[in-house]
Each structure stands twice: as C-alpha cells, then as structure tokens.
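Novice: My questions all concern the structure below.
The values are calculated or read from the model by the stated rules, or taken from the named source; none is laboratory data. Just so it is clear, the model here is predicted, and its values are computed rather than measured. Cβ sites come from the backbone with ideal geometry, for glycine too, and all protein chains shown count toward neighbours.
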Amino acid sequence: MQYPNFWIFYVATVGILWLFLLVITAYRASSSRLRSRGMKEEYVQFLRKDITTRSLGIGIAIPILLLVAAGIVWLIAGDIHQPERLLSIVLLFLILVIPFPILDTMQLNKKYKELALETGSETVVDVSYKILHLVFTPTWELLATLLYVAFFVAFIEPFHVAFIHLLLLWFLYAAARSGKYLTQPMLKDGYVYVFVFLILNQGFLLYHLLNVSIHRLTCEHCSDPTVFVLGTVLGALLAVKIAYYLSRYPRFSQALSG
Amino acid sequence: MLKINLSSAVPIYEQLFNELRRMIRTGELKPGDSLPPIRSLASQLDVAVNTVARAYQELEAAGLAEGNRRKGSFVKAQGTALSKESARIFKDPILSLVQQGFDKEEIAHLFHANLNQVFD
C-alpha cells in the first residue's frame, strides 16, 4: 500500500477540517435551530458568537499545532514522510491539543454560570452520568480498549492508527462529562453530538479491525488465519456494542427530554 | 435529570432535596439505588460538599434514603412503593382525559386548577 507523504496528509487533513468546520458551524450557530431548542435569547446570542469564534480558533490552531508536531518529529527523527512518522506526528499533535479543551471548558463553565445567574435559568445535572452511561458504559469500554490495544500490539503493530480512534473515544466521553451549569436544551444538544461522534468513531474502529483482519487472511506473505479469527471476533463484539448503543438511543433521548 | 436554579431564593440544599425527592417519587431513582457520592455530586453541581451532605441528611430524615458509612447513601424501598402507587393513581384519569380529546396543556391546566382549589 502506498502511504501519502506528510504534505499530502497535511493538506488533506486541513481541507477536510475546514470543510467540516464550515458545515458544522453553519448548522450549530443557526439562530432558528437554537431558538427551536427552547433556548433563551441571551443564550442564543452567546452560543452563536461562541460557536463561530471557537470554529475560527480551531481552524487556525489545529493546522499550526500539526506543523509544530511535525517540526518536533522532524527534529528528533529527521524524517516525517514514513507512515510510522505520520502516526507519531498525529499522536504528538493529540498530546499538544489536550490543554486547549481543558482550559476552554473551564472558561466556558464560568461563562455558563454567569448566564444562568443573569437569566435565572434552571441548570441540569445528569446525576452520576446515568444518562450518558446509557450510550457509553465505561467498564465495558475500558475492557474493550484493553482488548483492542492488546490485539494490535501483539499481532499488528505497536502503534496503529486505530489507537487515535480509541483515544478519541475517551476524549469524547471526558468532554461530555466536563460541562457544568448547562440548561436542559444545551445538555441535550451536547449529549446528542457526543452520541453521534461516539458511534461514528466506533464505526472507524470497526473499519480498522476488519481491514487488518482481512488483510491478514488475503496477504500472500503474511497470511495468518489466527489473526483473522481474533480480529473478526473483536470486530463482531464491536458491532454488537454499536448495535446495543443504537438500540438504547430512544431511552437516552427520552431521559434527556425528561 | 436534576434541576437547580442558582438565582432562586430557595437554598441550594433545599432545591437539591426537592429534586432528589422528586426523582425518588417518580422512579428515576429506584429503591436500593445508591445516591451519588457526596463529593462527586458536589463536584458535578459545583457546590460545597456540606450543601449536598445537608440535602442527604434531609432525605434520610424524611425516610426517603438511608446512609451507610461504608457504602454511602441508598434510596429506601418505601420511596418507590409510593411512586408506583402515585403513578398508577394518576395514570388512569390522565388516559381517560386523553381519550376524551384533551391535550397535554389542557390536562396540566385542569390539574393545576384543581390543585390550587385544594390548597387555597
């Protein structure tokens, strides 16, 4: 398989990111959509400005951080075009990104508290994250994460791109738990986004599992039926998990509306 | 889902008590369910630990929860028995009103009008 060099990867990533941001910002910052969720005018004004500013910030910061990560890898390894170097860049990039959402959430929580006090709005709390755990059971996920990592490390390669999806899964869960002083429409909106991204992300993980498993069955020089069987079993478990979470969506949605 | 109004004149511990009581009565919290650890709920709500502890004490005093030093606080069985009974008592007349063509708002209006008559 021919892997792209760093610059092709960079241009493609930034292009997809900007397109994604454009679509998601237009959708999320739509005043009619926010009002239809039952949000007060003060919240609508704040969220519109905040979503747009955040998208602009992400659109500028992520390409810069990717370049910084590539620069660090280039200084250490002297090459950024090999597939394993690209993976190192992405992992380093994820580490560089971590402080930003933490600081951002702290700022946002402060602002939400001010808004709740100003407008006299009710804020909601998902007690012990019971609603969130309808679509993300942490103990299962931890077990699944350990199984996937063990499978990839033992049979495929020590750093596989699927690890990014595993990291994102936990990142999304942590992000969903971090919001405070949210009104009901905001919590519902946020949780539904997290649900959609969790499912998409698990879908990508399933793709990687099936891809490596089928490759190990059809590969002329590296054929290994054991890896194919193990990978397929893990893939089936993942598919069952996705189906189970999807089947719980009506209950999840009902609990968020309650 | 627990609802709190930060700008309300009602103290937070009282709002918390009322909300937890509502959740127990409506079956959102079932008998034997453990209440969230005090520190964890205080962190979620961003309030003092003592505020949550006081709400839990009130729940225990009202016979809705029981505390266990090692295992934390639990919802008492009595709470749900009451909620199931209440749900059954309310559900039949509501269904009957729906069959007669009343919508949700009209039923809520009727309910409040009657509730006010009883208490005024």
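Novice: Would you point out the residue of segment A:85-116, among those that are surrounded by 15 or more Cβ atoms within 10 Å (Cβ to Cβ) and aromatic (F, W, Y), that is nearest to the other protein chains (Cβ to nearest Cβ)?
Specialist: Here the answer is A:Y112.
Novice: Continuing with this model, one more query. Listed residues A:T145, A:T123, A:T119; which is touching a Phe, Trp or Tyr at 6+ places or on another chain (Cβ under 8 Å), farther than 24 Å from B:P37 by Cβ and within 12 Å of chain B (Cβ to nearest Cβ)?
Specialist: Selected residue: A:T119, the only one of A:T145, A:T123, A:T119 that is touching a Phe, Trp or Tyr at 6+ places or on another chain (Cβ under 8 Å), farther than 24 Å from B:P37 by Cβ and within 12 Å of chain B (Cβ to nearest Cβ).
Novice: Another question about this same structure. Out of A:T119, A:T145, A:T139, A:T105, report the one residue that is in contact with an Asp or Glu (Cβ under 6 Å, 6 or more places away or on another chain) and of a type outside the set (D, E).
Specialist: Going through A:T119, A:T145, A:T139, A:T105 in turn, the sole match is A:T119.
Novice: Right, something else. Only one of these is in contact (Cβ under 8 Å) with a residue 60 or more places away in the chain, assigned to a helix (DSSP H, G or I) and polar (S, T, N, Q): A:S88, A:S55, A:S128. Name it.
Specialist: Among A:S88, A:S55, A:S128, only A:S88 is in contact (Cβ under 8 Å) with a residue 60 or more places away in the chain, assigned to a helix (DSSP H, G or I) and polar (S, T, N, Q).
Novice: Also: Among the residues of segment A:238-251, which ones are under 19 Å from the mean Cα position of the chain (by Cα) and either within 14 Å of another protein chain (Cβ to nearest Cβ) or of a type in the set (F, W, Y) (or both)?
Specialist: A:Y245, A:Y249
Novice: Here are the criteria: (1) more than 23 Å from A:A255 (Cα to Cα); (2) modelled with pLDDT of 90 or more. Tell me which single one B:R69 does not satisfy.
Specialist: Here B:R69 clears every test but (2).
Novice: Any residue at all in segment B:43-58 that's surrounded by fewer than 18 Cβ atoms within 10 Å (Cβ to Cβ) and hydroxyl-bearing (S, T, Y)?
Specialist: Within segment B:43-58, one or more residues are surrounded by fewer than 18 Cβ atoms within 10 Å (Cβ to Cβ) and hydroxyl-bearing (S, T, Y).
Novice: Any idea which residue in segment A:176-218 is nearest to the other protein chains (Cβ to nearest Cβ), counting only those that are within 30 Å of A:S32 (Cα to Cα) and among the hydroxyl-bearing types (S, T, Y)?
Specialist: Among those that are within 30 Å of A:S32 (Cα to Cα) and among the hydroxyl-bearing types (S, T, Y), it is A:Y181.
Novice: Restricting attention to segment B:27-46, which residues are at the interface with another protein chain (Cβ under 9 Å from one of its Cβ atoms) and either under 24 Å from A:Q254 (Cα atoms) or touching a strand residue (DSSP E or B) at 6+ places or on another chain (Cβ under 8 Å) (or both)?
Specialist: Once the filter is applied, which keeps residues that are at the interface with another protein chain (Cβ under 9 Å from one of its Cβ atoms) and either under 24 Å from A:Q254 (Cα atoms) or touching a strand residue (DSSP E or B) at 6+ places or on another chain (Cβ under 8 Å) (or both), segment B:27-46 yields B:E28, B:L29, B:S34, B:L35, B:P36, B:P37, B:L41, B:Q44, B:L45.
Novice: Something else about it: Being touching a residue at least 24 places away in the same chain (Cβ under 8 Å), over 13 Å from A:V135 (Cα atoms), touching a strand residue (DSSP E or B) at 6+ places or on another chain (Cβ under 9 Å) and assigned to a helix (DSSP H, G or I) narrows it down to one of A:L206, A:L238, A:L187, A:L234, so name that one.
Specialist: A:L187
Novice: Which pairs have Cβ atoms under 8 Å, sit 6 or more apart or on different chains, and link a residue in segment B:24-52 that is on the phi > 0 side of the Ramachandran plot to one that is assigned to a helix (DSSP H, G or I) and at pLDDT below 85?
Specialist: Short answer, once both residue conditions are applied: B:G27/B:T80; B:G27/B:S83; B:G27/B:K84; B:G27/B:A87; B:G32/B:A77.
Novice: Out of all the residues in segment B:1-24, which are buried (at least 18 other Cβ atoms within 10 Å of the Cβ) and in a helix (DSSP H, G or I)?
Specialist: Listed by number, the residues that qualify are B:I12, B:Y13, B:Q15, B:L16, B:F17, B:E19, B:L20, B:R21, B:M23, B:I24.
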